[in-house]
Amino acid sequence: MSSSSRISAIIAYVVPVLGWLYVYLFQRKDEFAVYHLKQAIGLIIFLVGTFVLWVIVAWLIALLPYMAVFGLTLFTLVIAAYIFGFFVWIKGILNVINNEMKPLPGIGERADRLPIA
């Protein structure tokens, strides 16, 4: 891979929205950069989806008497997902540095199917 391809892929991980736009608009023909763009977007979708799911479940549980505390304890799962997401993010950056097109653990297979290109 060329160094510009690797830099574009790292930008997709490090600068979420502006980096995605840069890769999508200016590096769309670069297969390596677009692959890692999909992985980075998939990671963010996973993290945002985890938080939104917690908000919905905690709100529904809070409607039941004396269950609001249980909804708050479920937040530990959100924290665990964010810690997992941090390590997956580091793995994605290491994949770029090593010129590898490996899917990210846990989310990479689904992220690869995103309709971007």
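From the list ALA40, ALA62, which one is at negative phi and modelled with pLDDT under 95?
Values: ALA40 fails: modelled with pLDDT under 95.
Result: ALA62 is the single residue among ALA40, ALA62 that is at negative phi and modelled with pLDDT under 95.
Is it fair to say ILE116 is within 23 Å of TYR13 (Cα to Cα) and modelled with pLDDT of 95 or more? Spell out the reasoning first.
On the way: within 23 Å of TYR13 (Cα to Cα): yes; modelled with pLDDT of 95 or more: no.
No: the conditions fail for ILE116.
Could you please tell me which pairs satisfy a Cβ distance under 6 Å, a separation of 6+ or placement on different chains, a first residue in the range 19-46 that is within 17 Å of GLY108 (Cβ to Cβ) and charged (D, E, K, R), and a second residue that is at pLDDT below 95 and assigned to a helix (DSSP H, G or I)?
Listed by first residue and then by second, the contacts come to LYS38/ALA111.
Do we have VAL55 as surrounded by 14 or more Cβ atoms within 10 Å (Cβ to Cβ) and free of Cβ contacts under 8 Å to residues at least 60 places away in the same chain here? Quick ask: steps written out before the conclusion?
Details: surrounded by 14 or more Cβ atoms within 10 Å (Cβ to Cβ): no; free of Cβ contacts under 8 Å to residues at least 60 places away in the same chain: yes.
When the stated conditions are applied, VAL55 does not pass them.
Could you list, in sequence order, all residues of the range 2-32 that are among the hydroxyl-bearing types (Ser, Thr, Tyr) and either assigned to a helix (DSSP H, G or I) or touching a Phe, Trp or Tyr at 6+ places or on another chain (Cβ under 7 Å) (or both)? Even if it seems obvious, please write down each step before you answer.
Within the range 2-32, the first condition is being among the hydroxyl-bearing types (Ser, Thr, Tyr), and the residues that meet it are 2-5, 8, 13, 22, 24.
Once the filter is applied, which keeps residues that are among the hydroxyl-bearing types (Ser, Thr, Tyr) and either assigned to a helix (DSSP H, G or I) or touching a Phe, Trp or Tyr at 6+ places or on another chain (Cβ under 7 Å) (or both), the range 2-32 yields SER3, SER4, SER5, SER8, TYR13, TYR22, TYR24.
Can you pull out the residues in the range 23-35 that are crowded, with 16+ Cβ neighbours inside 10 Å and either over 16 Å from SER2 (Cβ atoms) or charged (D, E, K, R) (or both)?
Matches in the range 23-35: TYR24, ASP30.
Would you say PHE87 is surrounded by fewer than 17 Cβ atoms within 10 Å (Cβ to Cβ) and in contact with a helix residue (DSSP H, G or I) (Cβ under 7 Å, 6 or more places away or on another chain)?
Against the criterion (surrounded by fewer than 17 Cβ atoms within 10 Å (Cβ to Cβ) and in contact with a helix residue (DSSP H, G or I) (Cβ under 7 Å, 6 or more places away or on another chain)), PHE87 does not qualify.
Has the range 62-82 got at least one residue that is surrounded by 12 or more Cβ atoms within 10 Å (Cβ to Cβ), out of contact with any helix residue (DSSP H, G or I) (no Cβ under 8 Å at 6 or more places or on another chain) and under 15 Å from ALA40 (Cα atoms)?
no
Conditions tested, residue by residue: (1) farther than 23 Å from VAL17 by Cα; (2) among the acidic types (Asp, Glu).
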| position | (1), (2) |
| --- | --- |
| VAL34 | no, no |
| ILE41 | no, no |
| ILE61 | yes, no |
| PHE75 | yes, no |
| TYR82 | no, no |
| LYS102 | no, no |
| ASP112 | no, yes |
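So which residues in the range 89-104 are assigned to a loop (DSSP other than H, G, I, E, B), more than 14 Å from SER5 (Cα to Cα) and out of contact with any Gly (no Cβ under 6 Å at 6 or more places or on another chain)? Even if it seems obvious, please write down each step before you answer.
Step one: list which residues in the range 89-104 are assigned to a loop (DSSP other than H, G, I, E, B), which gives 98-104.
Narrowing further to those that are more than 14 Å from SER5 (Cα to Cα): 102-104.
Hits for the range 89-104 are LYS102, PRO103.
The values are calculated or read from the model by the stated rules, or taken from the named source; none is laboratory data. Only a predicted model underlies this, so the values are computations on that prediction, with no experimental measurement involved. Virtual Cβ from ideal backbone geometry, glycine too; neighbours counted across all protein chains shown.
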